[in-house]
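Worksheet: the structure to be examined is printed underneath.
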């Protein structure tokens, strides 16, 4: 009887652990940015020609890409670095936004 109970407890703990892995988000995932903050960052990124890393939509279907943003009427146009991804979006569709680490620009010496 104790053996069956031990097997059941082991099975239950294993299944609980597997379910937690499936339904929990990775801890490295940043929190969703407020739409007002996203709007300000998008405007600055466009004006200053910053390379950005955007995460679209909401978990668990996140799309993360690096590229540049430009205003397009009431929406924004995202163009990836390799020009393979183009996406029109609004600020409330952005989950997170951060400036990408880009290579320093070389300047000519005088």
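The values are calculated or read from the model by the stated rules, or taken from the named source; none is laboratory data. This is a predicted model, so every value here is computed, not measured. Reconstructed Cβ throughout: ideal geometry from the backbone, glycine too, with neighbour counts over all protein chains shown.
Within the range 76-100, count every residue that is surrounded by 13 or more Cβ atoms within 10 Å (Cβ to Cβ) and over 10 Å from the mean Cα position of the chain (by Cα).
Here the count works out to 14.
Can you name every residue in the range 53-74 that is at pLDDT 90 or above and out of contact with any strand residue (DSSP E or B) (no Cβ under 6 Å at 6 or more places or on another chain)?
Hits for the range 53-74 are 71, 72, 73, 74.
Exactly one condition in (1) at pLDDT 95 or above; (2) assigned to a loop (DSSP other than H, G, I, E, B) is not met by residue 77; state its number.
Only one criterion is unmet by residue 77, namely (2).
I'd like the residue in the range 45-63 that is assigned to a helix (DSSP H, G or I) and surrounded by 12 or more Cβ atoms within 10 Å (Cβ to Cβ) and, out of all such residues, is farthest from the chain's Cα centre (by Cα).
It comes out as 46.
Can you tell me which residues in the range 80-91 are in a loop (DSSP other than H, G, I, E, B) and farther than 19 Å from residue 32 by Cα?
Passing the criteria: 81, 82, 83, 84, 85.
State whether one or more residues within the range 32-42 are out of contact with any helix residue (DSSP H, G or I) (no Cβ under 6 Å at 6 or more places or on another chain), at pLDDT below 80 and assigned to a helix (DSSP H, G or I).
For the range 32-42, residues out of contact with any helix residue (DSSP H, G or I) (no Cβ under 6 Å at 6 or more places or on another chain), at pLDDT below 80 and assigned to a helix (DSSP H, G or I): absent.
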